[in-house]
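Take a look at the structure set out below.
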Amino acid sequence: MSVNKNSTANIAPSGAIMVSIQQQVLRYSSNGKVFEFAISTAKNGPGEQNNSGCTPRGEHRVRVIIGGGLPANSVFIGRRFTGEIYSAELSEQFPQRDWILTRILWLQGLEVGVNRLGNVDSMRRYIYIHGTPDAEPMGVAKSHGCIRMRNDDVMWLSENIAVNTPVTIIEGPLPTTNLATGERL
C-alpha cells in the first residue's frame, strides 16, 4: 500500500519499523501515525545463518541509508550506484541480476548470537530494506533474504526515517495495538 507523500509534512524522522514475515507487511510508526506497506521477504523463510537466503528475525537498526537524492529505479550493485536506471530493456539484458533499486536501508543486528556477530551477522549478510522492480509481486516471499519494497514506498520511507531507526523483524503477525499507547490500530 502506498502512502500519500503530501501527508508526511508532520512526521519527524523518529519512530520505529516493524516487519511481519508471516503477513509480508512493514509497519512504520512515528508520532502517533502508522503507515503500512506490502513487502517481500525471503523465499527461504526466516533464519539468521550466513548464506541461508533467509530473512533474519529480531532487533535491528538502520545503520546506513544509501541513495538519497538519486531518482527512482536507480540500480545498485555492491551498494554503489551503477549509473543505470532500471527498465524492462535493462532487465532483459541482465536477466540473472537480483535488482536492488532506488534506496538501500542497510540493517545492523543488535542481538549478539542472534543477528549480530559470528555466523548470524545481518550486516555482514548484507541484509537491506530496498526497492525492487515494480513487476515483482509484493505480499509474496521471493527475496534472497532482504526486505523488498515498491520503489515509491522505499523512497518515502528513507525520507521519513533516520539512521539508527529501530527495526524489529518478527515471524508472526504484527500487533493489533500500538505498543506505546495501548490503542487499537
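Please treat every number below as a calculation from the coordinates, not as lab data. As the structure is a prediction and not an experimental result, all values here were calculated from the model. Cβ coordinates were reconstructed from backbone atoms using ideal geometry, including for glycine residues, and neighbour counts include every protein chain displayed.
When residues in region 88-135 are screened for being of a type in the set (G, A, S) and over 20 Å from D152 (Cα atoms), 4 of them pass.
With respect to (1) aromatic (F, W, Y); (2) in contact with a helix residue (DSSP H, G or I) (Cβ under 8 Å, 6 or more places away or on another chain); (3) part of a loop (DSSP other than H, G, I, E, B), the lone exception for W156 is condition (3). Looking across region 89-124, just one residue is among the small types (G, A, S), free of Cβ contacts under 8 Å to residues at least 24 places away in the same chain and assigned to a helix (DSSP H, G or I), and that is G118. The set of residues in region 102-139 being aliphatic (A, V, I, L, M) and either surrounded by fewer than 16 Cβ atoms within 10 Å (Cβ to Cβ) or under 15 Å from the mean Cα position of the chain (by Cα) (or both) consists of I104, L105, L107, V112, L117, M123, I127, I129, A135, M138.
Among the residues of region 33-40, at least one is in a loop (DSSP other than H, G, I, E, B) and either more than 14 Å from the chain's Cα centre (by Cα) or crowded, with 16+ Cβ neighbours inside 10 Å (or both). What do you reckon, is G68 under 15 Å from I129 (Cα atoms), in contact (Cβ under 8 Å) with a residue 24 or more places away in the chain, touching a helix residue (DSSP H, G or I) at 6+ places or on another chain (Cβ under 9 Å) and surrounded by fewer than 16 Cβ atoms within 10 Å (Cβ to Cβ)? Yes: the conditions hold for G68.
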